[in-house]
Amino acid sequence: MKKPREVRVAMIGHGFMGRAHSNAFRQVGPFMQPRLTPRLAVVCGRNEGAVKEAAARLGWDEWSTDWRAVVNRPDIDLVDIVTPGDSHARIAIAAARAGKAVLCEKPLANSVREAEAMLAAVKKAGVVHMLCHNYRRIPAVMLARQIIESGRLGEIYHFRGAYLQDWVLAPGMVFRWRFDRKKTGSGALGDIGSHSLDLARFLVGEITEIAGELTTFVKEHPLPDDPRRMGRKTVDDAAAALVRFANGARGTIEGTRVASGRKNANRFEVNGSLGSLAFDLERLNELQLFLASDPGPEQGFRTILATDPAHPYVKSWWPPGHLIGYEHTFTHTVYDLLEGMARGRSPRPNFEDGLRNQRVLAAWEKAARSRRWEKVGRA
Ligand SMILES: NC(=O)c1ccc[n+]([C@@H]2O[C@H](COP(=O)([O-])OP(=O)(O)OC[C@H]3O[C@@H](n4cnc5c(N)ncnc54)[C@H](O)[C@@H]3O)[C@@H](O)[C@H]2O)c1
């Protein structure tokens with residue numbers, strides 16, 4: 001067998017997503033055999049002790065506290081950005097200028113202007129770029145898209161997306177970067193609303209108009225260094241919207257961090273003239289399907305266990321019914337990125353999708369202020 005060419009990766013950041021991406025880079029070769037094989041070359045962080053420990057724990061060859069020097073190293077092929085939103089643009093633009101492929105965590109940026117600059121940079125440099133909306137790459141979600149594309153649901157009328165979490169309500173929840181607008185751009189809106197928006201665009205199409213609102217229920221949290229003092233939250237806890245799609249479908253999209261008891265319920269339902277689909281991340285191996293063409297007395301939602309080798313990505317893993325989990329969504333993402341790099345093509349969602357998503361987020365914020373329907377800006 002021909003040995004796959006190595007792609008040397010530099011990952012900037014090593015927190016939650018750093019763990020998820022490191023695992024994906026380690027798993028993708030043995031399980032999915034992409035044409036290019038990743039080498040976990042350098043991990044970057046701000047604190048020497050922490051990044052050194054992360055390099056050893058997550059399996060990186062080297063560590064650095066200077067991401068600028070690392071993205072300019074000639075031996076690096078791919079820069080993976082897993083830092084908070086306020087640093088995505090400067091890292092991605094520097095990486096593109098240095099001729100590196102770029103994988104960036106969502107949302108692409110903290111503003112439309114930053115997202116535009118990032119897209120312009122990767123286009124000018126002609127490098128492969130990808131955005132990590134990993135939920136597209138769940139076999140059940142890919143199957144949902146195939147069913148919609150086949151026309152079996154008929155004309156699509158509704159997309160109903162809800163991404164529900166409750167971690168803001170955890171006792172003693174301290175102030176963190178996710179509550180600071182300067183670091184993160186927005187709250188539930190950009191963090192989990194952006195995932196729901198990406199699924200809406202993936203499954204139904206472009207959003208043209210939006211009416212939405214944003215609410216901050218828990219306005220302050222104790223500071224981590226001195227819990228007697230409170231930090232004031234500058235982002236939303238909950239975001240809700242009505243949307244109109246270019247193809248005439250209508251949607252509702254909700255992202256909230258204060259839905260008590262809901263941990264990571266990223267749900268959607270799609271209703272068409274001939275059938276419906278429903279999905280919940282907390283049961284990610286399953287897809288609910290209703291087809292009006294089923295014989296009358298047998299009609300009803302059925303549960304498809306999307307673990308068959310015929311389902312997208314599944315043949316790389318286990319026999320039918322041997323379930324996969326959250327981490328596999330990242331391995332699938334990295335696989336498609338490496339295949340994209342082998343072909344010189346940017347897989348979707350890429351920075352174009354990131355910019356479109358960012359324009360919807362911006363229109364949502366505008367609508368929340370104006371209390372009116374707002375048009376989504378176009379490039
Ligand atoms: N795809 C998903 O489902 C998903 C899930 C969670 C987070 N995210 C996204 O991933 C990104 C990171 O989130 P996280 O949960 O991993 O955060 P985190 O707080 O767990 O980790 C952030 C990391 O970035 C480093 N960092 C922060 N600022 C930096 C800077 N200026 N330069 C270099 N390093 C810096 C921190 O030291 C830390 O290692 C965010 O964009 C977030 O929206 C995506």
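Quick rundown of the values:
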| read-out | value |
| --- | --- |
| Prolate/oblate/rounded label for segment 244-379 (Cα gyration tensor, a/c 1.5) | oblate |
| Segments 334-341, 193-200 sorted - mean Cβ within 10 Å per residue, highest first | 193-200, 334-341 |
| Accessible area of Met32 in the full protein assembly, 1.4 Å probe (Å², nearest 10) | 20 |
| FRET efficiency for Lys219 and Glu286, using Cβ-Cβ distance with R0 set to 35 Å, rounded to 0.05 | 0.40 |
| Eligible aspartates and glutamates near Lys124 by straight Cα distance, threshold 20 Å, same-chain separation 8 or greater | Asp77, Asp80, Glu114, Glu116, Glu352, Asp353 |
| Span-rule helices in the chain, defined as complete DSSP H runs reaching 18 Å or more along the axis (Cα) with Kyte mean at least -0.5 | 16-32, 112-125, 326-343 |
| For the chain, accessible area per residue (1.4 Å probe, heavy atoms of protein chains only), Å² | 46 |
| Residue (of Val314, Ser293, Thr256) at the positive-pole extreme of segment 244-379, dipole from beta-carbon charges | Thr256 |
| Residue-count net charge about Gly275 - beta-carbon cut-off 10 Å; Lys, Arg +1, Asp, Glu -1 | 0 |
| Nearby lysines by direct alpha-carbon distance to Lys123 (threshold 17 angstrom, same-chain neighbours under 8 apart not counted) | Lys100 |
| Computed Kirkwood radius, in angstrom, where 1/r is averaged over Cα pairs of the chain | 21.5 |
| DSSP bridge pairs, the chain: antiparallel proportion in percent, nearest 5 | 60 |
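The values are calculated or read from the model by the stated rules, or taken from the named source; none is laboratory data. None of the values given here were measured: they were computed from a predicted structure. In this analysis, Cβ positions are derived from the backbone assuming ideal geometry, glycine residues included, and neighbour counts consider all displayed protein chains. Side chains included, ligands, DNA and RNA excluded: accessible areas come from the protein's heavy atoms. Shrake-Rupley method; radii C 1.70, N 1.55, O 1.52, S 1.80 Å.
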